[in-house]
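Only the coordinates and a few stated rules stand behind these numbers; no lab work does. A quick note: this is a predicted structure, and the numbers were derived from the prediction, not measured. We place every Cβ from the backbone using ideal geometry, glycine too, and count neighbours over all the protein chains shown.
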Amino acid sequence: MSVPMLDTYREVITPEGVPLHLPAAGPLPRALAWAIDFAIRLGALSAMSVPLAFLGDFGQGLYLGLLFLMFWAYTIVQEALWGQTIGKRAMGLRVVAQDGAPVGWMAAITRNLLRTVDMLPFGYALGLLSCLFDAHGRRLGDMVARTVVIHVSTPPDGGTLAIDSVLPPPQPLQPAEQAALIAFAERAPRLPGPRQQELAGLLAPLSGGHGQVGVLRLYAMANWLLGRR
């Protein structure tokens, strides 16, 4: 059972067997993020409508194309590439897959196309009801796309290595171990700081460090494996 108007936590068990608690966002911060994005899109359309009006039918065609980009491509592209729109970034939110992985193009397209269903019968009523009765605040588009909107935690300070630094592993790694290390570096930045450290603790014998130091060393080793040197 959940308290629908409040933010909740979604527990995910990673392939390494570590439980992650994703801080799922409730309807209010999501609505504020949507309002910010709507204001940005409306402002861009309003600004462009004046000069395009002087181009006659050609300008009208360009305006219709811009209208499509603003109301569809705006959210799909930003969520697929970065997991968050400008509004979500301002509110400290991110869209992720239900297992905490990056959302990807197909999921971003699916959840945004289904906004047309969530809007029914008016004013996002169906989507709001879905958020209120779902344990993780998901609207119908999220359920179908298997996504969840979470709060993004601020990375903790500290550590002796920067994320863009490079560090060769202290011992040769098997292909599966290399893949696991790279997967950690790709997934961890989207997880809360304590969960990053919890995962990094499993590889403490490799990194030779604990806490945030271990996290940053694993990032550096992943950079080395990816040839960023």
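Brief remarks follow.
- Treating r as the C-beta distance of W224 and A101 and R0 as 30 Å, the FRET efficiency rounds to 0.85.
- Summing Lys and Arg as +1 and Asp and Glu as -1 over all other residues whose Cβ lies under 15 Å from the Cβ of L128 gives a net charge of +1.
- Relative contact order %, the stretch 65-109, counting alpha carbon pairs below 8 Å whose residues are six or more apart: 38
- Cβ crowding within 10 Å averaged over residues, with 166-173, 213-220, 95-102 ranked highest first: 213-220, 95-102, 166-173
- Using θ = phi - 60° and Karplus 6.51 cos²θ - 1.76 cosθ + 1.60, couplings along the stretch 109-125 (whole Hz; Gly, Pro as x): 5, 4, 5, 7, 5, 7, 4, 4, 7, 5, 6, 5, x, 6, x, 6, 4
- Residues in the stretch 64-74 carry Karplus couplings, in order, of 5, x, 5, 4, 5, 4, 5, 9, 10, 5, 3 Hz; the curve used is 6.51 cos²θ - 1.76 cosθ + 1.60 with θ = phi - 60°, and Gly or Pro positions show x.
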